[in-house]
Each structure stands twice: as structure tokens, then as C-alpha cells.
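Asks: The structure that follows is given in the form of C-alpha cells.
The values are calculated or read from the model by the stated rules, or taken from the named source; none is laboratory data. Fair warning: this is a prediction, and the values are worked out from it, not measured in the lab. With ideal geometry, Cβ positions are generated from the backbone for all residues, glycine too; neighbour counts draw on all protein chains shown. Heads up: the accessible areas ignore ligands, DNA and RNA and are worked out on the full protein's heavy atoms, side chains in. Shrake-Rupley method; radii C 1.70, N 1.55, O 1.52, S 1.80 Å.
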Amino acid sequence: MTMRPAVVLVLALVACQPAVVTRPSPAPLSATVAPTATASPATPAPTPAPGQSPSPTPAPETAQCGQKIAKSFVLANDMTCTGDALVVAANGIAIDLNGKVLTGPGYGPQTWPSPQLQSVGVRAENVRGITLRNGRIADFSTGVYFVKVTGSVIEDVASLGSRFGFYIHDSDGNTVRRSRAEANIYGLHLQNANDTIVEKNDLVKQTYNSPGGYGIYLYASQRNRITENTIEGNVNWGIWFSEATGNLIFHNNVAGNSPQVSDSNDRNQWFDPVKKQGNFWGDHRGTDGDGDGIADRPYAILGAGGTVDAYPFVERDGWKKKAGPTIDHYRPPVAQPQREVRIAALAGGSLVSASPRDGAAEATGMRASTVALGTDGRTVYALDGRTLRTIDLPTGAVSDPVDVAIDATQVVANRNGRSAFLVGPVAAEQIDLRSGSRMRFPYDGAPTAIVASYKHNQMFIATRDGIDMLYVSTAQTGNIYTRGGHVPYTIPLGGPPSAMAMNGSGTRIYASVDGSGVVQIVDTEQLTVVGRLTIGTDARALAVDRREGRLYVGTSDGLVAVDLAKGEILRRVPMPGRVADVAVSPNGDEVYVGLASRRLGIAVLGTDDLVISNVIDLAAPPVRLLVVAYR
């Protein structure tokens, strides 16, 4: 992964100064933290063994910056350090900050996706059974860093103005309670952290900086219990889960974040299934017709998981006021019949469409040089020169034309569901198709393909060196900072991708470079290559099935099906023409292959047997396939 300097944004019609990122001063806090959530009773001291006296509380001691703590310790002084403040050096000890303040040198340069560890308030590594309590940590790269730590507790600690407030990494069975993360870039970050109890904390007002602004962030973490926290006023996502499973989240106040929550899968529980009680969501508009304190309709959890909080509270801290049982209105969605499918193809500069059983495609009347599928799964964006239109493919309804200010070669629908993002050889532009507002900025990455991130202000662009992660929007409103046109990272692939596709949950990008015979797997959170699939020939097109278990690779003369769980080739299927593009039915039962020589058409194959059941004739070679599904 390489880093690139920022690109100055030029907004349409208005020349602006580039956004200056400054850290707001957090609201004054006392050294002893008192979160808004009601504090639980203090954890009782261990009972001494027979014949032993209870361990006395150590007398306060003065510490020096970087001091290794190898016994239970009470801090006697405030500390200002240019590197680490305190380092835990033994198992089973308690470090009481005694209401003191640890102050660092500032949060340092961006190192994402690696943790920023240039300066750490309290660092613990390879220890177990420790307790850190009662103090304030401010202006470090990372306030508290636990790595390979087990069975330990952080309580009554405020971590402020750092890049990471609390970073718990590769650790199991820990507890974070009655603590506060405020005005950091990341509030509480759990990565490969399992069986953590996160309770009665304030995770509020995190700021934004390439990337960041999250109240709580879980990556590849399992079986964590998140309850009675206030997650509020964070300038980006309040809660962000990526590849996190088996987590339980209820009795939290989640409000004033932008947006509130995202989950990449449906394997987390957003309510207490026994009591039928969920969370309070500040933007939920559900009503409580029966007066049980629970909204009568569920709250949708954003993200690819498509899950819900089935029992959201209508008032903040509603669980503290609730007297009776929940009257259960929730009905899990019933299995839906398979949707109707229509295939759109860009062929000969025109958009055509067909159903999978048709003998030939029919014209839509739309000219286009490049096309993209909208987030609703049925709208096609069609760019013709400097004119953008949309068409609802099932009905044929066409929008009014929208003028484009740049010479674009690629278009994609932003995940926000309302904007089109366009990019060309020297510039990029985003257009809000509802309001008409737009922004544009220089970009010279020689783009060949583009996919939209689930983080609404990011795009992944296939470029000359690999894949650029590019920020789209830019603004400074209060404490909100975004950086449009900035490319903080290029994920190196050894050359420009000849084919690129993202899975449905947005967690993986699959890309191939000519001459390699390999498909590289990119983790979109860690921004690095995490795997390689040897195909043995160059990929011309890639598509991932909706269950994310199979990758289809179009080569010059055939289709290759890959089992992603095993990393093995399932089958190689010869095609009656050169493969131009590949697409998969949202129903998961068919794969479609665009044929651009010898036989011009769209081959339809069942995913079970990978046998061609139909070829839809085309009048010109296809360059792009899209699949629309509707009921």
C-alpha cells in the first residue's frame, strides 16, 4: 500500500480553499469520568485465600514517561509525554490513574489500516488479568492500546483527542465500561477482538480524518456484547461492523451520527431476543401504538446485511422506564419468490435488454458509452458523451438528460442511492440526481474501472498502479470534515487491473492484472491484498455471486468458476465466443456471459451445472452486462 498526496477540490461553479482539518477542543471533563449512562457498582476485589490478608491499596507513586509498570500502581502525577506514557509489563496488576491526566504530542500522521502507535497513553501487550482505571488520556496517537491481552478491564477512563481512543486488537475476553471516547478519529476500535463486554460507555463526537469519525468500529470480531452505551454525535458512522459476526447489541442510545449504523452481514443480533428489547435510534420514526415503549415497526440496519433492530425503543434510555413485557409486532420477512430478471447489455454504443429466455435482445432507445446499475437494482445509468440519463429497465421510463461537466469514461452509482459518480482521464464529478447539486475535482489516475464503497464518500478506482481509494465529497460544517478528491491510498497490484469486481457486502474487491494469470483479493477495510487465486490465464471480466461463495472469471475463451471458501477452481467452461463481460443473477441461479466474437450474444448458464441453456443474440459485440431484478 502506498500513500498519495491530497488533491485540491474544485467545486462546480465555486472555487474553494481545500478543507483544513483541525481538531475541535473537547468539552471540559473532570479527570474522573462520569458518563451519561448510569454506572454499575464497582467490581468487588478478589476474596483472599484462607490465611491471607487482603492486598493493600498501593500508595501513589510518581511515574516517568515510558515507564514499565510491573506491579499494581497508583499514579501520583499528571504526565506530558512525547512518546508512550505507561507500559504494562506484568500480568494480574491494576493501574489506577488516580484522576490524573496523561497528555501526548498529538495524534501523528495517518497510518491506516495499521494502528498509529507513535505515542500511546497506556500500552499493554501479551498480558492478562490487568485493570486500567480512573483517569484521562488526551492527544496521543492512541489513547489505550491492548494487543494480545486477555481477561482485562478498562473502566472509568476518558480518552480524548487521539487518533484512536481505545484500540483493542487480537485480544479476547476483555471489558470496557463506564469510559468515554470523545473527539478522537476512532472512538472504540475492536479488531480481531472477541468476547468483549462493552457497557455503559460514552462514545461521542469523534471527528473526521481520512478515514474515521466512528463511535465504535468492529472488524473481524466475534461474540462481543455491546450494551447501555451512548453513541452520539460522531461525524461519520456511529457503529460500523465489517466481517464481524455473532455480536449482541441492545440497550444503547444511538443518535446524531451520520449515518447511525452499518453492518456488512446478517449474523449479528441487534436486540435482546429474550426480553425483545433493542436500542434507541435517534432517527427512527416508528410509533408506539400499544404503549409498551417499543416502536411498532423495526429499525433498518444499513449495510449489506439487510438486518433490523426488531424492537427499537421510542425514547432514550427506554429500557430504564419499561415496566411491562414487549407486545411483539415483529414478523420476520417471509421467503420471497424469485424475482424477474432482465439483462442489460451495452453493445455497439446502444443499451439493449432481454430476459434470459429471449432469442434476441431489444433496443431501449438509449445511446451510451458506459453504463452502471443503480443501488435499487433496476435503474441503469447511461452516459453518452457529456449527457447522463437513467432508465428504469422494467418499465422503460427514461429520465430527463443531465449535463456532465467532464469528459468521463466511467460511471457508477454512489451507495447513497441518489448520486452518480463519473471519472475520466483528468477529472471526476459527482452529481446528486435529486437535488442537482454537484462537485468536481482533478483526478489523473487513468481509470479503467470503478466500484463504490459502502462508505458513501469513497470510491475504489482501477488505475495505472493498482486501485486508488478516492474520497468524493468535501465539506467543513462544525466538526465535520471530508476530503473530496483526496487519494490517501493506492493498493498496489503490480500493474493496472484488467478486470475488477466487488462483492455484495463491499468487503472484498477481486482484481486481475494482465500477464499474471492471478486474481488478487483486496480487503476494503485493511486496504491490502489478502489472497491470490491462480487462474492460469488472464481475466477479462469478474463477477461474484450474491452469497459471496463463488467467483466467476471470464477469460479470452471461456468461463472459470472458483469456490472462494476453498480457493479452488470448480470448473472451466469453454464459450462459443470471446468473453467480454460476466454477470450473475440476483437470484443466484444463473450466470450470464457476454460473447464478443464468433458468436455475438449473451450465454445463459445455470449455476448448478454450468451448462449453456440459451444464447441471446446481439447485433453488435457487448462490452458490458448488467442484471436488473424486480417483482
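Asks: Assigned to a strand (DSSP E or B), within 17 Å of M502 (Cα to Cα) and among the small types (G, A, S), is that true of A561?
Replies: In short, yes.
Asks: Can you find, within the stretch 539-558, the residue that is modelled with the highest pLDDT among those that are over 29 Å from the mean Cα position of the chain (by Cα) and assigned to a loop (DSSP other than H, G, I, E, B)?
Replies: This residue is T555.
Asks: In the list S369, S350, which residue meets the criterion of being hydroxyl-bearing (S, T, Y) and open to solvent by 40 Å² or more (accessible area, probe 1.4 Å)?
Replies: That would be S369, the only listed residue that is hydroxyl-bearing (S, T, Y) and open to solvent by 40 Å² or more (accessible area, probe 1.4 Å).
Asks: How many residues does the stretch 613-623 contain that are open to solvent by 30 Å² or more (accessible area, probe 1.4 Å) and part of a strand (DSSP E or B)?
Replies: Matching residues across the stretch 613-623 total 4.
Asks: So, one more: Check L610, L626 and return the single one that is hydrophobic (A, V, I, L, M, F, W, C), surrounded by 15 or more Cβ atoms within 10 Å (Cβ to Cβ), on the phi > 0 side of the Ramachandran plot and at pLDDT 95 or above. Step through it out loud before you land on a result.
Replies: On the way: L626 fails: on the phi > 0 side of the Ramachandran plot.
Answer to the selection: L610.
Asks: So, of the residues in the stretch 187-218 that are farther than 15 Å from V254 by Cα and at pLDDT below 95, which turns out to be surrounded by the most Cβ atoms within 10 Å (Cβ to Cβ)? So that I can check it myself, show each step before the final result.
Replies: Initially, the stretch 187-218 is screened for residues farther than 15 Å from V254 by Cα, giving 189-197, 207-212, 218.
Narrowing further to those that are at pLDDT below 95: 207-212.
On the way: T207: 25, Y208: 23, N209: 22, S210: 19, P211: 27, G212: 24.
Among those residues, the one meeting the criterion is P211.
Asks: With the condition kept exactly as written, say whether any residue in the stretch 36-59 is in a loop (DSSP other than H, G, I, E, B), at pLDDT 95 or above and under 26 Å from E182 (Cβ atoms).
Replies: no
Asks: On the basis of being buried (at least 24 other Cβ atoms within 10 Å of the Cβ) and small (G, A, S), does A181 make the cut?
Replies: yes
Asks: Taking the conditions exactly as written (in contact with a Leu (Cβ under 8 Å, 6 or more places away or on another chain), among the acidic types (D, E) and either modelled with pLDDT under 95 or open to solvent by 40 Å² or more (accessible area, probe 1.4 Å) (or both)), does E429 satisfy them or not?
Replies: Values: in contact with a Leu (Cβ under 8 Å, 6 or more places away or on another chain): yes; among the acidic types (D, E): yes; either modelled with pLDDT under 95 or open to solvent by 40 Å² or more (accessible area, probe 1.4 Å) (or both): yes.
Against the criterion (in contact with a Leu (Cβ under 8 Å, 6 or more places away or on another chain), among the acidic types (D, E) and either modelled with pLDDT under 95 or open to solvent by 40 Å² or more (accessible area, probe 1.4 Å) (or both)), E429 qualifies.
Asks: While we're looking at this one, here's another question. How many residues, within the stretch 300-346, are in contact with a helix residue (DSSP H, G or I) (Cβ under 9 Å, 6 or more places away or on another chain) and within 30 Å of T364 (Cα to Cα)?
Replies: Final tally of qualifying residues: 0.
Asks: Looking at (1) free of Cβ contacts under 8 Å to residues at least 40 places away in the same chain; (2) closer than 11 Å to V593 by Cα; (3) crowded, with 19+ Cβ neighbours inside 10 Å, which is the one condition that is false for G554?
Replies: That leaves (1) as the condition not met.
Asks: Report every pair of residues separated by at least 6 positions or lying on different chains whose Cβ atoms are under 6 Å apart, first residue within the stretch 83-101 and in contact (Cβ under 8 Å) with a residue 60 or more places away in the chain, second in a loop (DSSP other than H, G, I, E, B).
Replies: G99/A31; G99/T32; K100/D78; V101/A31; V101/D78
Asks: Now, a different point. For a quick check of your reading: which strands (runs of 3 or more DSSP E) sit entirely within the stretch 228-282 and have at least 1 residues that are more than 27 Å from G504 (Cβ to Cβ) and open to solvent by less than 20 Å² (accessible area, probe 1.4 Å)?
Replies: Of the strands (runs of 3 or more DSSP E) lying wholly inside the stretch 228-282, those with at least 1 residues that are more than 27 Å from G504 (Cβ to Cβ) and open to solvent by less than 20 Å² (accessible area, probe 1.4 Å) span 230-232, 253-255.
Asks: Does the stretch 158-168 hold any residues that are within 16 Å of V87 (Cα to Cα) and touching a residue at least 40 places away in the same chain (Cβ under 8 Å), and which are they?
Replies: Scanning the stretch 158-168 gives a single hit, Y167.
Asks: Kindly indicate the residue of the stretch 156-173 that is part of a loop (DSSP other than H, G, I, E, B) and within 24 Å of the chain's Cα centre (by Cα) and also surrounded by the fewest Cβ atoms within 10 Å (Cβ to Cβ) among those meeting that condition.
Replies: Per the stated criteria, the residue is D170.
Asks: Would you mention how many residues in the stretch 564-604 are open to solvent by less than 10 Å² (accessible area, probe 1.4 Å) and in a loop (DSSP other than H, G, I, E, B)?
Replies: 2
Asks: Let me ask something else about it. With V101, V153, V120 as the choices, which residue is over 19 Å from V198 (Cβ atoms) and more than 26 Å from the chain's Cα centre (by Cα)?
Replies: Details: V153 fails: over 19 Å from V198 (Cβ atoms); V120 fails: more than 26 Å from the chain's Cα centre (by Cα).
When all the criteria are applied, what remains is V101.
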